[in-house]
Ligand code: MUC
Ligand code: MG
């Protein structure tokens, strides 16, 4: 079975409620649907979510790099030759979501060919994950109201609170209000998207001592090398590297350099193959992992839960699997549902991603 074509289709779905955080905001899911076609008629599907403010990719750049660079390099290979595929794609240093979507689409083909679910092929640890919901910037009382709504409606009891605003005291107020209103039983952690300095982060962590945080993520830039190490040494909870440690080599650098003590794995940027490398490295180093969310739609979320549930170490903590709730619509024929704070892996061969042709026709941007 050979790869004969790679399609990169731009689509745009508005958010009902935009997500705001220290490094940007998202009002529309301007994503790219990636389909890898084979000569035997099997088609692998995944989505690439551009995050221009984080990785520099845009919808247009993802399509250009797939059409002009990546597709011509992999057409003619078989879906089993993933090491060859990656050796070719990795000649290019950047473009993480374009590479990740191709990787996941290839796994989808392998699963379909074997008649087995990708989550099982990856590891098959469990069939579901607990869900963590991200709360973006808003006045404290609105953040509390959103967390209460999500808890009451979906049973979600883990929240990642976006911080990194100026002054940092706005975020401290929001976190204190969340703990006070939601009570001791919910899990809370914070993500600064590099918005604070090391000193502001340290002050905020001191003022949040009684909140009982689960983790602190990317509070200050990893490029402030000594400041970040100084902060991580003082941080009372595991300090997650997200956008500062994407690939295995960056994980090595950040962990061994003392700039992080936990890692966010996002299939949107490392697919399944490179995510597995990072995960196994973290297991070897004894470093906790959280399945992160790159502001994924439902297709991306199907991929994240398939990977997270496949592995013991990736399913230990709640995964960030609920961003799609803030979108007005999506492309799947059968929408994902979160019940009792849990999302199940899609049943069926491959990734079991079934795109509704009418919805794709409505939201695609290229015709
Ligand atoms: C996160 O964990 O940082 C915000 C930017 C991005 O790339 O992902 C999100 C969530
Ligand atoms: Mg993050």
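Here residue 211 does not qualify as touching a strand residue (DSSP E or B) at 6+ places or on another chain (Cβ under 7 Å) and within 16 Å of ligand 2 (Cβ to nearest atom). For the range 242-266, a residue qualifies if it is more than 14 Å from ligand 2 (Cβ to nearest atom) and in a helix (DSSP H, G or I), and the qualifying residues are 248, 249, 250, 251, 252, 253, 255, 256.
Table: residues versus (1) under 20 Å from residue 267 (Cβ atoms); (2) crowded, with 21+ Cβ neighbours inside 10 Å.
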position: 10; (1), (2): no, no
position: 15; (1), (2): no, no
position: 21; (1), (2): yes, yes
position: 35; (1), (2): yes, no
position: 40; (1), (2): no, no
position: 47; (1), (2): yes, yes
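For beta carbons closer than 8 Å, sequence separation of 6+ or different chains, a first residue in the range 89-113 that is more than 20 Å from residue 299 (Cα to Cα) and a second that is at pLDDT below 95 and not in a loop (DSSP other than H, G, I, E, B), the qualifying pairs are 94/55. State the number of residues belonging to the range 285-324 that are surrounded by fewer than 20 Cβ atoms within 10 Å (Cβ to Cβ) and outside any loop (DSSP other than H, G, I, E, B). Going through the range 285-324 one residue at a time, the tally reaches 1.
The values are calculated or read from the model by the stated rules, or taken from the named source; none is laboratory data. On a predicted model such as this, the values are computed, not experimentally measured, just so you know. Neighbour counts are summed over all protein chains in view; Cβ atoms, including those assigned to glycine, are modelled from backbone coordinates with ideal geometry.
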